[in-house]
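Data first, discussion second: the structure below is written as structure tokens.
The values are calculated or read from the model by the stated rules, or taken from the named source; none is laboratory data. Fair warning: this is a prediction, and the values are worked out from it, not measured in the lab. Cβ placement follows ideal geometry from the backbone for every residue including glycine, while neighbour counts extend to all protein chains displayed. Ligands, DNA and RNA are stripped out before the accessible areas are found, and what is left, the full protein with its side chains, is counted by its heavy atoms. Shrake-Rupley method; radii C 1.70, N 1.55, O 1.52, S 1.80 Å.
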Amino acid sequence: MFGKLFKKAKPSAPKTPEVMGLYLGGSFELDNLKMSLLEPSLTIEKAARSHLIQAVGEAPLDTGGTILRFYTDDDGFLQVILDGGMSENHVTDVKLWHFYDTQTIGSDAQWNKCLTSVISQPTYELEGTTFTRVWGAIGDESPPVAVTETTYEEDGDISKTDQFMMLYERPIDNERVETLLVVGEEKQVGNNLDRCLVISTGVDIQPADITING
């Protein structure tokens with residue numbers, strides 16, 4: 001009896017980040033006309049217009065901003081960057097990304113090479129196309145930008161991944177750019193470190209081009 005009366009409440013699950021009507025388990029549509037006009041200039045082909053959000057990632061930036069990533073069922077993610085707060089008024093950038101390639105890194109030597117000379121280069125070649133590094137530093141070297149992403153999945157699983165990334169871009173039609181994100185990811189799995197190099201291509205998306213379902 002007393003056990004029932006004084007039973008401790010179960011701790012509530014951490015709140016998953018939301019913005020612009022985007023949330024874990026939700027879905028959204030992209031403007032079909034604008035995507036159809038844009039897609040011929042992009043690396044990605046046959047990108048979906050309807051997206052179901054299957055996971056959400058959150059990574060604080062040293063500048064005080066936050067990266068939110070809404071991972072979808074189209075092998076990609078919608079990335080929203082915020083500065084100074086977590087509301088729509090603080091959104092500074094929205095990009096649609098699609099995963100291009102993931103390479104497993106099996107040794108410390110390979111990992112160190114990625115960190116020192118693969119992730120960050122003055123230019124990056126992909127399918128014969130040259131992308132130019134965006135994030136620079138004073139001097140000849142521009143080390144990868146480091147963040148730690150907390151990822152929330154629909155089944156309640158929460159994980160953390162250290163990411164070392166560099167952004168590149170190339171000009172496309174109508175004074176727009178296609179972007180390239182090269183990331184070294186490191187995640188603790190049991191007693192081992194799971195490491196990989198992830199390459200994604202992306203493009204800027206206007207919030208007005210996104211329709212939230214429901």
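Leaving ligands, DNA and RNA out of it, report the carbon-plus-sulfur percent of the accessible area of the chain at a 1.4 Å probe. Reported share for carbon and sulfur atoms: 50 percent.
Distance from the Cα centroid of segment 88-165 to that of segment 26-77 is 16 Å (rounded to whole angstrom).
At a threshold of 8 angstrom on Cα-Cα distance, excluding pairs fewer than six apart, so keeping six or more, what relative contact order does segment 79-177 reach in percent?
Answer for segment 79-177 is 19 percent.
Let me check against my output: what whole-number percent is the relative contact order of the chain, with C-alpha pairs under 8 Å and at least 6 apart? Could you put the intermediate results ahead of the total?
Values: 426 pairs, mean separation 44.8, N = 214.
Taking the mean separation of contacting Cα pairs over the length of the chain, I get 21 percent.
In the full protein context, segment 30-165 carries 54 Å² of accessible surface per residue, based on a 1.4 Å probe and ignoring ligands, DNA and RNA. Spatially close Lys pairs in the chain, defined by Cα atoms under 24 Å apart and a spacing of eight or more places or different chains, total 12.
Computed packing ranks the peptides 103-113, 156-166, 65-75 as 65-75, 156-166, 103-113, most packed first, by mean other Cβ atoms within 10 Å.
What does the extension gain come out to for D173 and L61, with contour length at 0.36 nm per residue minus their alpha carbon separation?
On the way: separation 112, 0.36 × 112 = 40.32 nm, distance 3.10 nm.
Residue separation times 0.36 nm, minus the Cα-Cα distance, leaves 37.2 nm.
Take every pair of alpha-carbon atoms less than 8 Å apart whose residues are at least six positions apart; their mean separation over the length of segment 147-214 yields a relative contact order of 22 percent. According to the Cα-based calculation, Rg over Rh for the chain is 1.02, with Rh computed by the Kirkwood formula.
Give me the extension gain from L24 to D83: residue separation times 0.36 nm, minus the current Cα-Cα distance, reported in nm with one decimal.
On the way: separation 59, 0.36 × 59 = 21.24 nm, distance 2.12 nm.
Using 0.36 nm per residue and subtracting the Cα-Cα distance, I get 19.1 nm.
Kirkwood-type hydrodynamic radius, segment 172-214: 13.8 Å, calculated from all non-identical alpha-carbon pairs.
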